[in-house]
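Remarks on the structure that follows.
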Amino acid sequence: MTPSPDVPAAEDPPRSQPRSLTDLFVSFTLLALQGFGGVLAVVQRELVEKKRWMTREEFVEEWAVAQIMPGPNVVNLSLMIGHRYFGLRGAMVALAGMLTVPLLVVLLLALVYAQFAGHPGVAGALRGMGAVAAGLIAATGMKLMGALKMHPLGLPLCIALALLCFTGIALLRLPLVYVLLGLGVTACTLTYKKLDR
Amino acid sequence: MSITLQWSDWLAMFGHFMVLSLLSVGGAITTAPDMHRYLVDRQFWLTDTQFNASVAIAQAAPGPNVLFVALMGWHVGLNAGGPLVGLFGVLVTMLGIMLPSTTLTYLAASWGHRNRNLRWVRAFKQGMAPIVIALLIATGWILASANVKSLQDWRVPLLAAVTAAIVWRTRLHLLWLLGTGALLGWFGWI
């Protein structure tokens, strides 16, 4: 190997990587089980800062693609990280690690819920948590609004598109496919024209 | 609630979730309003309570939020015949929501990584931003207002709004908020 300016400085901690498919599965299972109300923060802290499977820059690049693609972002991300080390098998093992045990936990919770669903306290607690969950999801959207300030379309046009989308989905209850196709194609086309060649 | 589902119904549900999977840019939760429209308002396979419980239980549990989709399949199956049908429902909804998006992601991941500077790739990624953000807020709105039938039901939307404001402006751990919501509900204040 020839040295190049890109070679990490000597004091940089050594890069690591998953030892085996089992290591991959267990790691992603533990990640998923730590993630209450969002796994992304845990993934970043564990894989980049603690395990050092990837640098922060690599993480940001993978995350951008995971966000572009449809599907749960964190699940997409785990798929891509698994693929990076072990190909198709790695992708499937990472996916299984992210979903299998959490799925069992969630079904167990649903069973417990069913046993006590008749109890007015439980029904009330679920109603309360449902209200909080609704707020959490809306807040995620509100937090991301800051990203629109730097948007190529400019803030006013972004707000107009967002308001149209909100009206169509939340108030008029239009099917998602029409809103996504109509407004999505419009927004992407306008953005395409604004971007540098 | 008791319903009867034919094989054609299961297939239709599978197909519907496959379509939603391809549309779920920004996460599966952005397709929740359409799931509500399809499962609760149109097909009558789920009650409003079951729909909200599915989202709330998945939020309260650790793991990716997409598991609320599994609980919807579980509840539809329970309504249609019991726990075994429920597990079948989990299989149908989870495969439906996961297969198209993960296949697409797998195929596109390496390609997208190599071509991330292409103009149309950036246009798609940035252009969708206002739409995806509005979808998240709309999802919160629909969940908060699902059970509001009269002015006396103002407490749920109020708690949702207060939660949203707290999460937006502070770094308070989400478990405190979920716990507070559970307590408020347990004692009948919500």
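Since every read-out is calculated from the coordinates, none of them should be taken as a lab result. Since the structure is predicted, the reported quantities are computational estimates derived from the model, not experimental observations. All Cβ positions, even for glycine, are placed from backbone atoms using ideal geometry, and neighbour counts span all protein chains on display.
Ratio of Rg to Rh for the range A:60-139: 1.15 [Cα atoms; Kirkwood radius as inverse mean 1/r over pairs]. With the cut-off at 1.5 for a/c, could you classify the range A:91-172 from its C-alpha gyration tensor as rounded, prolate or oblate? Because a/c hits 1.5 or more and a/b fails to exceed b/c, the range A:91-172 counts as oblate.
Could you tell me which of rounded, prolate or oblate describes chain B, using a ≥ b ≥ c as the square roots of the eigenvalues of the alpha-carbon gyration tensor, with rounded for a/c under 1.5 and, failing that, prolate when a/b is larger than b/c and oblate otherwise? Oblate, because a/c is 1.5 or more while a/b does not exceed b/c.
Between B:Ser145 and A:Lys194, the FRET efficiency from the beta-carbon distance, with R0 = 35 Å, is close to 0.50.
When each of B:Arg42, A:Arg84, A:Arg127, B:Arg155 is scored by the number of other beta-carbon atoms lying within 10 Å, the sequence from fewest to most is B:Arg42, B:Arg155, A:Arg84, A:Arg127. 3J(HN,Hα) along the range B:178-190, derived from phi through the Karplus expression 6.51 cos²θ - 1.76 cosθ + 1.60 where θ = phi - 60°, amounts to 4, x, 4, x, 4, 5, 4, x, 4, 8, x, 8, 10 Hz, with x in place of Gly and Pro. Whole-Hz Karplus values for the range B:67-73 come out as 5, 4, 5, 4, 5, 5, x Hz, taken residue by residue from phi with 6.51 cos²θ - 1.76 cosθ + 1.60 and θ = phi - 60°; glycine and proline positions read x.
Our summary of shape: the Cα atoms of the protein assembly as shown have principal axis extents of 70, 49, 45 Å, ordered from largest down, in whole angstrom. Derived scalar couplings between HN and Hα for the range A:96-108 equal 5, x, 5, 10, 4, 5, x, 5, 4, 4, 5, 5, 4 Hz in order, rounded to whole Hz, by the Karplus curve 6.51 cos²θ - 1.76 cosθ + 1.60 (θ = phi - 60°), x for Gly and Pro.
Taking one quarter of the surface of the C-alpha convex hull of the range A:149-197 gives a mean projected area of 3.5 nm². Number of Lys-Lys pairs in the protein assembly as shown with C-alpha atoms under 23 Å apart and a separation of 8 or more places or on different chains: 6. For B:Val25, the residues 5 or more places off, or on other chains, whose built amide H falls under 5 Å of its own are A:Gly71.
Note on the range B:11-50 and the range B:168-182: Cα centroid distance 27 Å, given to the nearest whole angstrom. Label-to-label distance, B:Asp48 versus A:Gln17, with points set 7 angstrom from Cα along the beta-carbon direction: 5.4 nm. As a rough footprinting exposure proxy, the listed residues B:Ile29, B:Ile190 were ranked by other beta carbons within 10 Å of their own, and the order from fewest upward is B:Ile190, B:Ile29.
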